[in-house]
Every structure is written in C-alpha cells, then in structure tokens.
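The values are calculated or read from the model by the stated rules, or taken from the named source; none is laboratory data. Bear in mind the structure is a predicted one, so any value in this text is a computation, not a measurement. Ideal geometry is used to build each Cβ from the backbone, glycine not excepted, and the neighbour counts take in all protein chains shown. Just so you know, the surface numbers come from the protein's heavy atoms only, side chains and all, with ligands and any DNA or RNA stripped out. Shrake-Rupley method; radii C 1.70, N 1.55, O 1.52, S 1.80 Å.
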Amino acid sequence: MVSATVKKWFSYLSIGLTVQIITACQLPTAESKQSSNSKQQTNLISLVRIEKDNTNQQFQGEVYPIAFYVNGNYVDVSNDITLSIRNNLQRQNSDKYTLSKFDRQKSFLNAIKDFTVVSDSGKIGNITVDNLEATQLSCSYFVAGKSQNQQLLSEAFSKIPSDKPDNVTRQTYRSAIAIENYNPNSTKKLEPSQADLNRYKQDLLTQAKTIISKSPETQNIQTSPDIVIEEFSVLDLDDDGNLEVFGKIRKTKANTPSQKSPYSGASPYIYLNLWLSYKNEQPQVISSKVSLNTFEDLTSAYGIFSVLDINGDGVKEVVVKNFNFESITFSIYEYKNNQLEEVFTGFNSGC
C-alpha cells in the first residue's frame, strides 16, 4: 500500500514542476523518514492579499505562492507570467487574458488549496483557493489563487495587523503570509521591562554607528550625527529565553539634497538592518545589512513581514519584505549557529 507521504510527493511532481524543483525533490528515503519526525520535509509559503469593499462589505482573497520548502532548500515558485501576458495581449489586441492549461499546470495551487494565515503572534485565520486566475500585482502578473469564502476572509482580514490607518476609500487591502503546514509558535509571552527596551535600543544605535562607519559602502560618504531607529522588534526566535532584537536604522548623509525619490540618485539616507542576540546578556551582532538607498544601488532596507516556523524544527524563520527600486521581493532568514542567514530571495513584483 502506498503511503500518504509518497502519494503527496507524486501529487507535487504531477503539477509540472520546473527542472530546478525536480532536481531538489527526492522521494523519501529511510533516513529522511526517520528524521521527518523532528523536521518537516515540505511546505508552501505564500503571500495572501485580502481586499475589503467598503461599499458592500464584501471580501476578495488572493494567494500568491512565494517559495516551496523541500529537503532543506527553498525554491522560488512565484509563477510570474508577465511576459506571456504582454505578448498575448499585444497579439490579440485585448485587455483580457485567460490562463492557459500550461499556466495552470505550473502552479502549486493545483494541489495545495488550504492555507493557514499567520502573523508574528501565530495563527490568525485560514484561507482556501477556489480557482486560479492571472492577477496583476504592481506591474507584474502572476498565477494566483482566488478565494471567495466570506467568513474566512472576514476573520483573517480583521486580525491581520494594518501597517497604516485604513483610509475611508472604496477598497482596503491587507496582506500577510499564508502557509500550507502550520507549526504553532511558542506560547511564551515576552515581557521585557521599559529599562530593557531602552537598553536594547541604545545597543542597536551603538553597534550601528560602528558598522556604518566601517562599511566599505560608506567609506566615501560623509554622514551627519543624525541616526534614528525606524523599526524595532524584540523576539525569541529559538525559544531559549534569550532575546533577539531587530532594528531598521536610518542615518543621514551630510551635505546631500533632501530628495527622497530614487530618481534623484542622491537619497539623503543610509539604512542598516541590524540584529542583535543576547545569549549571555551581552549584545552580539548576528546579522547586518547596509543599504545606500540610491538609484545605482537599487536595493534598500527591508522590514519584517512575518515570523514563523516553516520547517518544523522549533526555530522560527523570518520573512522580510525588500523594498527595491520600483519593485518588491521577499527574503527568508534562518537562525542557526547564533547567526541569522539569508536562505531565499524571490517573488519579484514590480515595474
């Protein structure tokens, strides 16, 4: 009798996977079955976007696959069909596009239709895929899953944290990460004192000044004393009781025109994404990334989008949203050996 695990693998392979995924995927061996009790073998990580129509209180949901986790690796499965759509619409002189059988077969959403919506605090809802459509996000087109279940969408929408006040317009959008196999977060509640929070922020600023001053990217750039923390988070990624602290830090360049647009080629800021660990009550840098935020550099600082355990090992991964020049990508970081390492970047949506 064929095991449920093997059936699931054949289901994935029947979708019409890319050569890259087929190379990464292998049917479970005796060794992998033995280790699967402690670490998950597969998972599909997706972006979920829920639209609320404020005129009739109806909801529309969209699911965009980002990455497929398989045997310790992450593969981009975003299924960008922008070029196909543009070529097709030009040939047909039409503004409508119907997904081809080939487009549909390439999508993981043929086999995976049920997802858990998560935030930093854990599970906040569920979403199901009803059908597949070509959907535009910024200037890009993707094969996305459409969801119409009003109850599920309403529940998830109400619990997705809003990064800015909801304007009283016709539509309101909220986004989060949705995952195929949900691994519950620890129920431990972090309660650092105000004194601790102040110390963490001061440690971030102290480390940031040193890192920025010594970074090869900034050696020919004069900076002013101005430095601020734009984003701040306190987490315990591995649930060991020792905290990890994140800061998105902005330092002002000296004698630079105050133009924030990347078209100017002269942004007034340097950004630093900085992570500190407090294994022995002392701050230790576990990840840092300097971004010049210029037209030539194209990349800018990231913000934390979600924190969740993807591979089932009990340690939470960090999903970040990269704000690039006229585009957005997502990266996944894994915490291991007291270092936070980037293990995936993909899902390029932009113009």
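Ile85 falls short on exactly one of the conditions (1) on the phi < 0 side of the Ramachandran plot; (2) modelled with pLDDT of 80 or more, and that condition is (2).
Condition test on Lys101, is it of a type outside the set (S, T, N, Q) and over 25 Å from Lys159 (Cβ atoms)? The answer is yes for Lys101. Does Leu205 fit the bill of being closer than 30 Å to Ile85 by Cα and either in a helix (DSSP H, G or I) or open to solvent by less than 50 Å² (accessible area, probe 1.4 Å) (or both)? It is false that Leu205 is closer than 30 Å to Ile85 by Cα and either in a helix (DSSP H, G or I) or open to solvent by less than 50 Å² (accessible area, probe 1.4 Å) (or both). Of the residues making up region 98-112, those that are at pLDDT below 80 and open to solvent by 50 Å² or more (accessible area, probe 1.4 Å) number 3. Of all the residues in region 186-202, those that are in contact with a Gly (Cβ under 9 Å, 6 or more places away or on another chain) and either aliphatic (A, V, I, L, M) or part of a loop (DSSP other than H, G, I, E, B) (or both) number 3.
Which ones in region 113-133 are touching a helix residue (DSSP H, G or I) at 6+ places or on another chain (Cβ under 7 Å) and open to solvent by 50 Å² or more (accessible area, probe 1.4 Å)? Of everything in region 113-133, just one residue is touching a helix residue (DSSP H, G or I) at 6+ places or on another chain (Cβ under 7 Å) and open to solvent by 50 Å² or more (accessible area, probe 1.4 Å), namely Asn126.
What pairs can you find where one residue is in region 99-110 and touching a residue at least 60 places away in the same chain (Cβ under 8 Å), the other is open to solvent by 80 Å² or more (accessible area, probe 1.4 Å) and outside any helix (DSSP H, G or I), and their Cβ atoms are less than 9 Å apart, with a gap of 6+ or different chains? Pairs found: Gln105/Ser14; Asn110/Ser14. Scanning region 201-216 for residues that are charged (D, E, K, R) and out of contact with any strand residue (DSSP E or B) (no Cβ under 8 Å at 6 or more places or on another chain) yields one hit, Lys214. Checked against the criteria, Gln26 does not count as open to solvent by 70 Å² or more (accessible area, probe 1.4 Å), over 19 Å from the mean Cα position of the chain (by Cα) and at pLDDT 95 or above. Before we move on, is Pro65 open to solvent by less than 80 Å² (accessible area, probe 1.4 Å) and at pLDDT 50 or above? So Pro65 passes the test. Condition test on Phe59, is it at pLDDT 55 or above and in contact with a helix residue (DSSP H, G or I) (Cβ under 6 Å, 6 or more places away or on another chain)? So Phe59 passes the test. Taken across region 155-169, residues that are polar (S, T, N, Q), within 30 Å of Leu47 (Cα to Cα), at pLDDT 90 or above and open to solvent by less than 60 Å² (accessible area, probe 1.4 Å) do not occur at all.
Only residues that are open to solvent by less than 10 Å² (accessible area, probe 1.4 Å), among the aliphatic types (A, V, I, L, M) and not in a loop (DSSP other than H, G, I, E, B) were counted across region 299-339, and they come to 6.
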